[in-house]
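Written below as structure tokens is the structure these notes are about.
The values are calculated or read from the model by the stated rules, or taken from the named source; none is laboratory data. Only a predicted model underlies this, so the values are computations on that prediction, with no experimental measurement involved. Don't worry about glycine lacking a Cβ; one is built from the backbone with ideal geometry, like all the others, and counts go over all protein chains shown. The area values use the complete protein model at the heavy-atom level, side chains included, leaving out ligands, DNA and RNA. Shrake-Rupley method; radii C 1.70, N 1.55, O 1.52, S 1.80 Å.
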Amino acid sequence: MNHDRIARILKCPLCSSDMRYSPRALAYVCNGKVLHAFPVKGEIVDFVCAEDGGRQAKVNRAFSRIAGRRYEEIATGATRSARLVNKVLWGTTRFIPLLFEMLESVTEDCEPGFFLDIPVGTGVFTAGEYSRQPNFDFIAADYNRGMLECALEKIRAQDFGNVMLVRADARKLPFIDGSFSGILTMNGICAFPEKGRVLDEFSRLLKPGGKLAGSFYARGERFATDLIAGKLAASFGWFTRPLFTEKEFIEELEKRGFNRIITRKINSILFFSSRKVARV
Ligand SMILES: C[S@@+](CC[C@H](N)C(=O)[O-])C[C@H]1O[C@@H](n2cnc3c(N)ncnc32)[C@H](O)[C@@H]1O
């Protein structure tokens with residue numbers, strides 16, 4: 001992606017001043033009184049200022065352990081054993097094909113412009129779609145470096161022109177208010193610590209009328225899932241409590257000025273779409 005173009009929507013996560021790209025430093029640097037620099041390491045811009053030693057560290061370790069093929073096999077049900085894991089965990093694999101189609105269906109009625117895919121993970125569901133959507137500039141963000149490196153392999157195999165890979169914390173995103181026409185958050189809400197802060201950020205970053213859509217594990221729909229995902233997997237860090245029920249999630253969206261909320265559930269996997277109201 002064009003560095004000057006993306007610099008226009010960036011704000012320094014440390015001092016909130018605007019930013020520019022420095023080709024000599026191979027970094028985005030801020031225009032504040034004290035210069036803060038965010039290096040581009042192997043085509044991934046790193047905006048995480050200080051590693052979070054708290055709950056985020058546990059989540060990060062959990063995804064580092066499975067980043068790559070192990071994650072993708074389970075997430076896509078690619079092998080017989082992965083399908084069995086999905087059956088036990090979710091009671092079905094019917095939701096998996098929908099994940100592959102999601103980015104395309106979300107952008108369908110979205111204004112052209114910047115679009116945030118967070119968390120992109122390994123890009124297994126979305127990376128193949130970016131180059132087919134020339135009306136959008138995609139920012140694909142995640143906290144975990146290993147997951148992002150897998151996404152980079154897929155993006156390199158396509159056209160890098162309209163995608164920027166960013167390492168960032170969903171609780172404090174380095175973009176100016178109202179930068180995005182749409183945000184996709186696929187299978188992230190159940191992983192993020194401090195979900196309220198993340199939803200505040202999504203609301204801040206969307207343009208009035210912008211679209212927020214995604215999927216996540218919703219508590220309270222299937223006993224076995226609540227036991228395995230909500231208790232066992234959460235103790236390892238792949239899910240982070242408190243986990244929303246559908247009703248709690250809708251309330252959180254409404255509190256932040258989202259309307260036109262549509263949900264659809266396949267067992268415990270909740271798909272949703274919403275709009276930021278034009279004026280809050
Ligand atoms: C279940 S994966 C989903 C990835 C991808 N959307 C998919 O469906 O395959 C959850 C992702 O959330 C990321 N994550 C967790 N906490 C985060 C945070 N605070 N900010 C950004 N990403 C985070 C993890 O690194 C992990 O890649």
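Remarks
- Condition check for Cys49: farther than 24 Å from Arg219 by Cβ, out of contact with any strand residue (DSSP E or B) (no Cβ under 7 Å at 6 or more places or on another chain) and either surrounded by 14 or more Cβ atoms within 10 Å (Cβ to Cβ) or touching a residue at least 12 places away in the same chain (Cβ under 8 Å) (or both): yes
- Residue among Arg69, Arg55 that is out of contact with any Pro (no Cβ under 9 Å at 6 or more places or on another chain) and at pLDDT below 95: Arg69
- Lone qualifier among Ile183, Ile228, Ile250, Ile189 - being part of a strand (DSSP E or B) and not hydroxyl-bearing (Ser, Thr, Tyr): Ile183
- Test: residue in the stretch 170-179 that is small (Gly, Ala, Ser) and away from the ligand (no atom under 12 Å from the Cβ): yes
- Complete set of residues in the stretch 144-169 that are open to solvent by less than 20 Å² (accessible area, probe 1.4 Å) and either assigned to a helix (DSSP H, G or I) or near the ligand (Cβ under 8 Å from one of its atoms) (or both): Asn144, Met147, Leu148, Ala151, Leu152, Ile155, Ala168
- Condition met for Glu221 (crowded, with 16+ Cβ neighbours inside 10 Å and in a helix (DSSP H, G or I)): no
- Counting only helices (runs of 4 or more DSSP H) wholly contained in the stretch 68-143, the ones carrying 1 or more residues that are of a type in the set (Phe, Trp, Tyr) and more than 12 Å from the ligand (Cβ to nearest atom) occupy 80-90.
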